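S.K.: Before I ask anything, let me first share the structure, which is written out below as structure tokens.
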Amino acid sequence: MFALSREDFALRLLGIGDGPASFNAELTAMGGRVVSVDPVYAFGGSQIGARFDAVSDDILEMVRRDRDRFVWDDIRTPEEMVDRRRTALERFLVDYEGGRCRGRYVAASLPALPFSGGAFDLAVCSHLLFLYSHVFDAEAHVAALRELLRVAREVRVFPLIDMEGAPSGHAGAVRDALTAEGFRVSIECVPYEFQRGANQMMRIAAR
Ligand SMILES: C[S@@+](CC[C@H](N)C(=O)[O-])C[C@H]1O[C@@H](n2cnc3c(N)ncnc32)[C@H](O)[C@@H]1O
């Protein structure tokens, strides 16, 4: 999703809107330094797990119905997709309570983050900005990204499509606004595509 290199894994990473994913648990086990932020971390692990159980059948049904909107190369079936999500959730849950005590899982929300300027080298944000284009307008995207660029020197966002699977209507305006503010913005293809057409990330950094 983010075209991460081996060198990137050595950076101070921030994951925004990480939810019940295993990125933090796996990277920490590899010796990496990562903090995940999500409002859902105000809840305990059992509540987060219960929420997954409550929605997983609906997600499976939705993906079966909209099968053509996904690329079935790496993940071969809707059932395998849910199994993989569950495996990620289980890895997350094993790590969560201890990681929360150590400050690796922080309950907070964009556009205001509880970190000092330059606390991170790289912030990554998957399946939140641009995907939720119907929730956040272009201005809210710019405010969120400005805040991310305050705490991290580089930000990568994936994907650039909206919930309908169409290119987000905000990507152009966000790129132009941040470029006008002096940031270097590029849109790059990445080697990951599960939602059809979702194979690009936005990279933003100070000039
Ligand atoms: C679709 S999930 C993506 C989870 C994970 N990044 C992934 O790709 O599997 C979107 C996540 O964004 C979180 N979220 C919603 N509003 C947010 C905000 N204002 N700031 C940070 N995270 C937010 C939600 O709680 C949810 O966990």
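The values are calculated or read from the model by the stated rules, or taken from the named source; none is laboratory data. All figures in this text were calculated on a predicted structure; none of them were measured in a lab. A quick note on method: Cβ atoms are made from the backbone with ideal geometry, for glycine too, and the neighbour counts reach across all protein chains shown. Please note that ligands, DNA and RNA were not included when accessible areas were found on the heavy atoms of the full protein model with its side chains. Shrake-Rupley method; radii C 1.70, N 1.55, O 1.52, S 1.80 Å.
S.K.: Taking only the range 40-58 into account, find how many residues are open to solvent by less than 20 Å² (accessible area, probe 1.4 Å) and within 10 Å of the ligand (Cβ to nearest atom).
M.R.: The total comes to 2.
S.K.: In this structure, is residue 174 part of a helix (DSSP H, G or I) and modelled with pLDDT of 95 or more? Before the answer, list the steps.
M.R.: Values: part of a helix (DSSP H, G or I): yes; modelled with pLDDT of 95 or more: yes.
Criteria met by residue 174.
S.K.: Of all residues being open to solvent by 60 Å² or more (accessible area, probe 1.4 Å) and among the acidic types (Asp, Glu) in the range 86-112, which is farthest from the ligand (Cβ to nearest atom)? Just the residue, please.
M.R.: It comes out as 97.
S.K.: Those residues that are touching an Asp or Glu at 6+ places or on another chain (Cβ under 9 Å), touching a residue at least 24 places away in the same chain (Cβ under 8 Å) and part of a helix (DSSP H, G or I), I need them from the range 41-68; list them, please.
M.R.: 41, 45, 49, listed by residue number.
S.K.: Can you spot a residue in the range 80-95 that is assigned to a helix (DSSP H, G or I), in contact with a Gly (Cβ under 7 Å, 6 or more places away or on another chain) and not aromatic (Phe, Trp, Tyr)?
M.R.: yes
S.K.: Turning to a different aspect of this structure: Scan the range 10-24 and give yes if some residue there is within 14 Å of the ligand (Cβ to nearest atom), in contact with a strand residue (DSSP E or B) (Cβ under 7 Å, 6 or more places away or on another chain), over 24 Å from residue 197 (Cβ atoms) and part of a helix (DSSP H, G or I), otherwise no.
M.R.: yes
S.K.: Further question: Being closer than 16 Å to residue 112 by Cα and in contact with a Gly (Cβ under 9 Å, 6 or more places away or on another chain) is the filter; apply it to the range 125-151 and report the residue that is farthest from the ligand (Cβ to nearest atom).
M.R.: Filtering the range 125-151 for residues closer than 16 Å to residue 112 by Cα gives 125, 128-129, 136, 139-151.
Now narrow it down to the ones that are in contact with a Gly (Cβ under 9 Å, 6 or more places away or on another chain): 125, 128-129, 150-151.
Values: 125: 7, 128: 4, 129: 9, 150: 15, 151: 13 Å.
Among them, the one singled out is 150.
S.K.: Which ones in the range 28-60 are of a type in the set (A, V, I, L, M, F, W, C), under 19 Å from the mean Cα position of the chain (by Cα) and over 20 Å from residue 86 (Cβ atoms)?
M.R.: 34, 35, 37, 42
S.K.: Tell me which residues, restricted to the range 27-39, are within 13 Å of the ligand (Cβ to nearest atom) and open to solvent by 30 Å² or more (accessible area, probe 1.4 Å).
M.R.: If the condition is that a residue be within 13 Å of the ligand (Cβ to nearest atom) and open to solvent by 30 Å² or more (accessible area, probe 1.4 Å), then 39 is the only one that fits.
S.K.: Could I ask something else about it? Check 80, 61 and return the single one that is more than 28 Å from residue 155 (Cβ to Cβ) and open to solvent by 70 Å² or more (accessible area, probe 1.4 Å).
M.R.: That would be 61, the only listed residue that is more than 28 Å from residue 155 (Cβ to Cβ) and open to solvent by 70 Å² or more (accessible area, probe 1.4 Å).
S.K.: Please specify each residue of the range 113-124 satisfying the condition of being more than 9 Å from the ligand (Cβ to nearest atom) and within 14 Å of residue 17 (Cβ to Cβ).
M.R.: The one that is more than 9 Å from the ligand (Cβ to nearest atom) and within 14 Å of residue 17 (Cβ to Cβ): 123.
S.K.: Please work out which one of (1) on the phi < 0 side of the Ramachandran plot; (2) modelled with pLDDT under 95 is the condition residue 165 fails and give its number.
M.R.: (1)
S.K.: Between a residue in the range 180-207 that is exposed (fewer than 13 other Cβ atoms within 10 Å of the Cβ) and any residue that is of a type in the set (Phe, Trp, Tyr), which pairs come within a Cβ distance under 8 Å, given they are 6 or more apart or on different chains?
M.R.: As it stands, the answer is 206/183; 207/183, since those pairs meet every condition given.
S.K.: Please go through the range 122-153 and give me each residue that is open to solvent by 20 Å² or more (accessible area, probe 1.4 Å) and not in a loop (DSSP other than H, G, I, E, B), ordered by number.
M.R.: Correct list: 126, 138, 139, 140, 143, 146, 147, 149, 150, 153.
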